[in-house]
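Q: I have a structure I would like to understand better, so I am pasting it below and will then ask my questions one at a time.
Where a number appears in this text, it was derived from the coordinates with a stated rule and is not lab data. Quick caveat, the model's predicted, so the values are computed rather than measured. Counting neighbours? That spans all protein chains shown, and the Cβs are built from the backbone with ideal geometry, glycine included.
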Amino acid sequence: MDVRNPEVQRELLAQYRRLREVGKQLSHKLVESLDRDAIHESGRWLGILRRGILVFDTEDMASVLMDYAIHHYIAPDGRNAVQRYLELSPPPADSEELAVLRARINIRYSLFQVAGVFPGFGLEMEDLLRRDRLLAIDVGLSNSAQPGSVLASNVVCPGSFWMTAGAGLPVSADVLETLARPIDRAFGTKPAGFRALDRARQAELAALVIRTCLQKGMGERVAYEDPGSQRGRPHFGPEGRRALGPIEPVPARSRETRVGRNDPCPCGSGKKYKNCCARR
């Protein structure tokens with residue numbers, strides 16, 4: 001498959017946009033399915049639950065929390081939110097919704113370095129832990145990422161290509177250096193070991209990486225926009241060559257943002273916090 005061929009790009013982009021819209025709708029349903037234990041336990045793993053209160057460095061970090069709770073929190077029954085939804089509300093056979101759900105069951109979390117950029121289309125990324133390369137279609141990141149930059153993210157493969165999924169975080173050289181020893185100690189250094197991670201161990205990996213990124217202030221270098229907005233995708237602040245290059249700087253925010261009961265819920269539901277996640 002020649003991804004430099006304009007006709008091939010048009011065909012893949014059409015499929016990508018359909019799958020992105022399906023994924024967006026599914027994400028709203030999956031967020032609504034989360035209970036209080038899933039959200040608070042995820043917050044504890046990510047280091048943002050303090051004395052029973054979720055404290056965000058920025059409002060946008062609610063997206064990181066919900067992403068982790070949907071894909072990586074494993075309930076006492078051994079299932080995550082995606083598995084539970086698939087079992088209770090299975091989509092029609094051969095539907096794109098079913099393809100997206102199955103892809104999310106097999107989600108991959110890792111540190112990805114940009115090896116090549118196809119502007120307006122996608123990225124060639126190297127998985128630094130599994131030591132393989134993949135093509136990820138992401139129009140927004142293709143216009144802001146720079147070769148050599150690193151992203152901590154989920155990716156899924158619902159068809160013939162990969163897509164970023166959920167809320168990614170930029171990774172600076174300092175964060176990579178900080179993560180090196182804990183990852184080696186907890187997971188080893190062999191690519192085959194990372195390829196064989198089960199769901200529980202991958203959740204531990206994601207929590208370690210996200211927690212470190214947040215402690216190092218990476219959450220303040222990204223803002224998430226609605227996919228239908230003018231900017232559309234995460235835009236990363238400057239952090240040198242090894243962090244995702246910006247389209248525009250992200251304004252500095254307060255170190256802690258507490259959500260008031262009557263404020264819009266940070267999960268993006270459109271409801272007041274007291275009528276949404278506070279009730280969970």
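Q: Select from the range 64-114 those GluC sites (Glu not before Pro) which occupy a DSSP coil region and have at most 12 other Cβ atoms within 10 Å, ordered by residue number.
A: none
Q: Using 0.36 nm per residue, how much length does the chain from A93 to H28 gain when fully extended, once their Cα-Cα distance is taken away?
A: Length gained, A93 through H28: 21.3 nm.
Q: While we're here: Per residue Cα convex hull volume for the range 111-193, in cubic angstrom?
A: 97 Å³
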